[in-house]
Amino acid sequence: MEEKVAQLSIHQKLSKLAANLWWSWDPEVTEVFRLIDRQRFDELNHNPVLLLKEYPPDRLEQRAREAVLHSRVHWAYRRFSEYLESSTTWGATHAAILGQGPVAYFSAEFGLHESLPIYSGGLGVLAGDHLKSASDLGLQLIGIGLFYHEGYFVQAIDSHGWQQEEYPRLSADALPLKVVENSAGPVIVRVDTRNGAIHARILHLAVGRIDLYLLDTDIPQNTPEDRKLTARLYGGDQRTRIRQELLLGVGGVRALKALGITPNVIHMNEGHSAFAPLEVIRERMQDDGLPFDRALKDTASRCVFTTHTPVPAGHDRFDAGLIDEHLGPLADTLGLNLHGMMGLGRVDPQHDGETFCMTVLALKMCRIANGVSSLHGVVSRDMWSSLWPWRSVEEIPIGHITNGVHVPTWLASQMRVLYDRVLPENWFQRSGQAEVWRSFESTTPGELWEIHSTLKNRLIVYARENAVDQARRRGESDSVVRDLETMFDPRALTIGFARRFAPYKRADLILKDLDFLARLIADVDRPVQFIFAGKAHPADERGKQILQQIYRLTREEPFRGRVLILENYSIDMGRKLVQGVDVWLNNPRRPLEASGTSGQKVVLNGGLNCSVLDGWWAEAYDGKNGFAIGNGRTHSNQDLQDARDGADLYRVLTEEVIPLFFERDRDDLPQQWISRMKRAIRTLGWRFNADRMVMDYATHSYVPAAGGLSCSIVSMP
Ligand SMILES: *Cc1c(COP(=O)(O)O)cnc(C)c1O
């Protein structure tokens, strides 16, 4: 084995590293790809598969000699092999039962890396982080999703500030994707509808130790219409939506079968995949001769469901016509008529006026369900209490597991070096445990501030470059471009706001009182500046208007050069923002942010959150580890709520955030501010961490479900 490894060429080793996304969360390996050709690596969206296409073996060999890369490549490859082969993992010890059959984790989007844009926002990034932590922990888990060959979209902002969407085509062979084949050729999954079958091929992506399978309908077996079925994430109409969800759920289970994988647990990440258990029930009836009711009961005891949506309108609903067309053939084999099938997606099965709701189906098809923060658990129990009319609301069987982020993905390497020094030796493998972070208190304030300042300066350079590129593309005058090259002040309090431009997130809350904002911006002694970024869903006119409003502000005095909006928010841009800001602003309309995760990424890098007490922040804020907007109460009148939150946002900024940031000691250090940074890292780093989250899923959800326990969890951690 050792000998064989040694015989691999540099090109072969790097090709193997590029074929597994593990490289993207190992900073040393990422650095090797960067050192080959920094400029091209950036231009290619950090896609090493494409980079290696430009470096055939001879050229790569020469480049490796120039840059003295040989020993780094050998070392990286050895670490990779050790990572894949290690058997002494958390999962092997704490979730051994999954050795009998893995968890199949279904999600409509996966946000793993900027080169694979099959995510729209937090839900996808969460799924990506879940896979990465499951890999690090050695949990037996397999991902199932769809391959969108036009992805989400590339955002451009035109000279009117209006969002334009572009859909460049992704090609499987420009990515670390492999077509799954057997001796007869590509494995094809088939799902019947009343109007013919949908076919899909299966693409495989290696995410560390985890296999992710993505279904793709762009194959000759399909009609031209169905070839485009998986083209875009959240594109098309209701019919597209149900066909995508049919493929994800039913097609996903069929894909597992074709691959010879028998999962022990099915995890539905959001309701999009809720058709999956129906196909498992069909298998049980066919293979084991069980009647429908028994098969349902058995299947549900092995299914777990995570809901992410606290708004009733956010849940997918389909009418009887669409259900019959798409679920009809499956219903026939289950022995259900249309009324019976519709009943599975209705709160009241007898109520013919009710549409078919995917969340209702998911809740009926599982025995363990959870929301994604403590507050969201409360909201979800209330929202779905009508499904269990005989129970009091506290007894509704929906618990919560609060979201977390994958530390290696979001952590700046400079911060990692600091952690390596002040935290216990193997902190990286145990970052989901509280005691590991205690010794962070011993960090010297000056050092932490220096690292933060370096990261902040890097962000400012990046933001200027992005703004200059935008301006050039819009054909702006030289003087405008020149202004942009020097705008943004490294001394100013830098506040970031980046996320999807869904109206409930209220990117425009800070614009409610422009005179006030102008005064903040124009203060020469205590300057403040803002960076915004985010995409609006292509069909969301209101979201686009908010974006336009911010864009217009960036052109006006006194905001010009102090308020900036960056184009085309992505995982890569997100990383730069969360690593460099002083303050991360989050002001959703409570309680509509089920969890939120971007602020958790900020914590790890030393930024402070200034947030409405919603989602994760409602349970994270302790009075000294960041800032709170509002008092955690909500008003039923939305306008009134917005006005109150807006006023409180101004109050917090002027009375708490700005004075604390500019209060300096003789060495120009903001001691009180730095204390808050330290406290945030120490109290929050371990909790809002994807390792902790995946361990909670394993302990409270996967292991009980794998044992077939029908426990209903009301109060999870
Ligand atoms: C983390 C992340 C999100 C989620 O942000 P929220 O503030 O939780 O909505 C969305 N998009 C990208 C690219 C992210 O990295």
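The values are calculated or read from the model by the stated rules, or taken from the named source; none is laboratory data. Computed from a prediction, not measured in an experiment: that's the story for all the values here. Cβ sites come from the backbone with ideal geometry, for glycine too, and all protein chains shown count toward neighbours. Calculation scope for accessible area: heavy atoms of the full protein, side chains included, ligands and nucleic acids excluded. Shrake-Rupley method; radii C 1.70, N 1.55, O 1.52, S 1.80 Å.
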Next item on the list: Report, to the nearest 10°, how far helix 276-288 tilts away from the longest principal axis of the Cα atoms in the chain, using its own Cα long axis and a range of 0 to 90°.
Entry: 30 degrees
Check: Given a Förster radius of 51 Å and the C-beta distance between VAL187 and GLU655 as r, what FRET efficiency does 1/(1 + (r/R0)^6) yield to the nearest 0.05?
Finding: 0.25
Next item on the list: Would you mind working out the accessible area per residue for the stretch 533-655, using a 1.4 Å probe, and quoting it in Å²?
Entry: 33 Å²
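Enumerate by residue number the trypsin sites (Lys or Arg not before Pro) in the stretch 116-225 meeting two conditions: DSSP loop (anything except H, G, I, E, B), and at most 12 other Cβ atoms within 10 Å of the site's Cβ. Before the final figure, lay out each step's value.
Working: sites: LYS132, ARG169, LYS178, ARG190, ARG194, ARG201, ARG209; in loops: ARG169, ARG194, ARG209.
Passing sites in the stretch 116-225 are ARG169, ARG194.
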Check: So how much accessible area does LEU131 have, in Å² to the nearest 10, using a 1.4 Å probe?
Finding: 0 Å²
Check: Which far-off residues, 5 or more places away or on another chain, put their amide H under 5 Å from the one on LEU423, with H placed in the peptide plane?
Finding: none
Item checked: Extension reserve of the HIS339-THR88 stretch, reckoned as 0.36 nm per residue once the Cα distance is removed -> 85.3 nm
Checklist line | Inter-probe distance in nm under a simple model that places probes 7 Å from Cα toward Cβ, at ARG391 and ASP622 | finding: 3.2 nm
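Using helices alone, I'd like the mean residue ellipticity at 222 nm for the chain: each DSSP H run of four-plus residues gives -39500 (n - 2.57), total over residue count, nearest 500.
Details: 32 runs with 310 residues, N = 717.
Taken over the chain, the calculation gives -12500 deg cm²/dmol.
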Note to self: Could you report the accessible area of GLU435 in Å², rounded to 10, computed with a 1.4 Å probe on the protein chains as they sit in the structure?
What the structure shows: 90 Å²
Next item on the list: Identify, among GLY196, SER636, THR307, the residue whose Cα sits farthest towards the positive end of the charge dipole of the chain, taking +1 on the Cβ of Lys and Arg and -1 on the Cβ of Asp and Glu, with the dipole about the Cα centre.
Entry: THR307
Notebook entry, point to check: Separation between the GLN671 and ALA522 pseudo-spin-labels, each 7 Å from Cα along Cα→Cβ, expressed in nm?
Noted result: 3.5 nm
Checklist line | Solvent exposure, largest accessible area first (probe 1.4 Å, DNA, RNA and ligands not counted), of THR307, THR262 | finding: THR262, THR307
Checklist line | Amide proton proximity set for THR193, modelled H, under 5 Å, gap of 5+ | finding: ILE198
Item checked: Note, ³J(HN,Hα) from phi for the stretch 449-454, Karplus 6.51, -1.76, 1.60, rounded to Hz, x at Gly and Pro -> 5, 5, 5, 4, 5, 4
Check: For the stretch 628-635, what does the Karplus curve 6.51 cos²θ - 1.76 cosθ + 1.60, with θ = phi - 60°, yield as ³J(HN,Hα) per residue in whole Hz, taken in order and with x for Gly and Pro?
Finding: 10, 9, x, 10, x, 9, 10, 10
Notebook entry, point to check: Per 5 Å bin, what percent of the C-alpha pairs of the stretch 2-85 does each bin hold, from zero upward?
Noted result: 3, 15, 30, 28, 16, 6, 1, 0
Check: ³J(HN,Hα) across the stretch 524-533 via Karplus (A = 6.51, B = -1.76, C = 1.60, θ = phi - 60°), whole Hz, x for Gly/Pro?
Finding: 6, 6, 10, x, 10, 9, 10, 10, 10, 7
Note to self: Tell me the accessible surface of LEU613 in square angstrom (1.4 angstrom probe, heavy atoms of protein chains only), to the nearest ten.
What the structure shows: 30 Å²
Next item on the list: Identify all lysines with a Cα-Cα distance to LYS13 below 25 Å; exclude those on the same chain that are fewer than 8 residues away in sequence.
Entry: LYS4, LYS53, LYS132, LYS178
Check: Long-range amide H contacts for ILE629: which residues qualify at under 5 Å (H placed 1.01 Å from N, peptide plane, sequence gap of 5 or more or a different chain)?
Finding: SER611, VAL612, LEU613
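Taking loop as defined by DSSP and a crowding limit of 16 other beta carbons within 10 Å, which trypsin sites (Lys or Arg not before Pro) in the stretch 416-490 fit?
Details: sites: ARG416, ARG421, ARG430, ARG438, LYS456, ARG458, ARG464, ARG472, ARG473, ARG474, ARG482; in loops: ARG474.
In loop regions of the stretch 416-490 (DSSP not H, G, I, E or B), the sparsely surrounded trypsin sites (Lys or Arg not before Pro) are ARG474.
Largest first, how would ASP332, ASP639, ASP211, ASP648 line up by accessible area (1.4 Å probe)?
Working: ASP332 90, ASP639 115, ASP211 55, ASP648 30 Å².
In descending accessible area the options line up as ASP639, ASP332, ASP211, ASP648.
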Next item on the list: Distance from a point 7 Å along Cα→Cβ of GLU165 to each backbone N in the stretch 547-569: keep the residues under 19 Å and list them by number.
Entry: 547-549, 567-569
Notebook entry, point to check: Using the alpha-carbon centroid of each, what span in Å lies between the stretch 359-411 and the stretch 552-582?
Noted result: 34 Å
Next item on the list: Order TYR167, TYR702, most accessible first, counting only protein heavy atoms with a 1.4 angstrom probe.
Entry: TYR167, TYR702
